[in-house]
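**Student:** I am attaching a structure below and will ask some questions about it afterwards.
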């Protein structure tokens, strides 16, 4: 029996450093065999355009300098390709996003796009399988089914793509990939062969610092009191430079707290620097979400440690 007839496939997701098509800075890959996750792979990628967009700077848990120390796309893809083998690959909005980014990255690095896996789109699959859902983006489908998702962590996004395949196959009582692809009329896609190099609209520049964005930050005042901090509570960090943010995130996770990037869902509290993002502060005010300083957070973690 071939791998395609064992509901075996790979799920892939990409993140880019800027809006330039193909300027990949991270790859996430999850391998499924017989409908079960058997392997995962996640790696930073050195971007071609050595810059971060504003969104990337404030949402990624790593810095531009981290990506500049990462291996090239060609090296990372070599590892990913060895894991994929001859498996079909699924990605959300594969034609308009992943395949185009990969095509330009292949062109820039001199890779042969003809020697690439076949892609299928889980956005197309979700729309066909659950037409009554109001939206079919990754985060909306994950929320509908209650799947865990750390959106824009490419490994987590890829895992949700795999869950879409698994849930669809269970709904239809299908146990092999070929039957699912045929019954849902999924169109196979290949990475396009571009003959021109990646066209960069963003010019490399110095790595901007937090001080460059002070105009986007606001001074804040307490919004609500928090009675206690307990394991499994969800928290968000705002206003910190990346190095400090990573340290505080790890400190919270080590004590059993759940870190979230966005103020969505049942967020218990926010930890903020002297200044925090204006949008986050407005939501904290509207939803009466408690805000803690770094010092208050660290003291709470010490108390949590003594209680446990």
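The values are calculated or read from the model by the stated rules, or taken from the named source; none is laboratory data. Everything numeric here is computed off the predicted structure, so don't read it as measured data. Methodologically, a virtual Cβ is constructed for each residue, glycine included, from the backbone with ideal geometry; neighbour enumeration extends over all protein chains shown.
**Student:** Could you pull out the residue among 68, 114 that is under 22 Å from residue 189 (Cβ atoms) and surrounded by fewer than 17 Cβ atoms within 10 Å (Cβ to Cβ)?
**Tutor:** Answer to the selection: 114.
**Student:** Collect the residues in the range 224-247 that are within 30 Å of residue 54 (Cβ to Cβ) and in contact with a strand residue (DSSP E or B) (Cβ under 6 Å, 6 or more places away or on another chain), keeping them in residue-number order.
**Tutor:** The answer is 234, 235, 236, 237, 238, 239, 245.
**Student:** Does residue 48 meet the test of being under 28 Å from residue 165 (Cβ atoms) and in the same structural domain as residue 141 (by TED's automatic domain parsing)?
**Tutor:** Spelling it out, it is not the case that residue 48 is under 28 Å from residue 165 (Cβ atoms) and in the same structural domain as residue 141 (by TED's automatic domain parsing).
**Student:** Does the range 56-63 contain any residue that is in the same structural domain as residue 139 (by TED's automatic domain parsing), touching a residue at least 12 places away in the same chain (Cβ under 8 Å), in contact with a strand residue (DSSP E or B) (Cβ under 6 Å, 6 or more places away or on another chain) and buried (at least 18 other Cβ atoms within 10 Å of the Cβ)?
**Tutor:** No, there is no match, as no residue in the range 56-63 is in the same structural domain as residue 139 (by TED's automatic domain parsing), touching a residue at least 12 places away in the same chain (Cβ under 8 Å), in contact with a strand residue (DSSP E or B) (Cβ under 6 Å, 6 or more places away or on another chain) and buried (at least 18 other Cβ atoms within 10 Å of the Cβ).
**Student:** Right, another one. Using the structure shown, decide if residue 31 is over 21 Å from residue 111 (Cα atoms), free of Cβ contacts under 8 Å to residues at least 24 places away in the same chain and part of a strand (DSSP E or B).
**Tutor:** Taking the combined requirement at face value, the residue does not satisfy it.
**Student:** Something else: Confirm whether residue 91 is buried (at least 22 other Cβ atoms within 10 Å of the Cβ) and touching a helix residue (DSSP H, G or I) at 6+ places or on another chain (Cβ under 8 Å).
**Tutor:** yes
**Student:** Please determine, by comparing only the residues of the range 224-240 that are closer than 16 Å to residue 280 by Cα and surrounded by fewer than 18 Cβ atoms within 10 Å (Cβ to Cβ), which one is modelled with the highest pLDDT.
**Tutor:** 234
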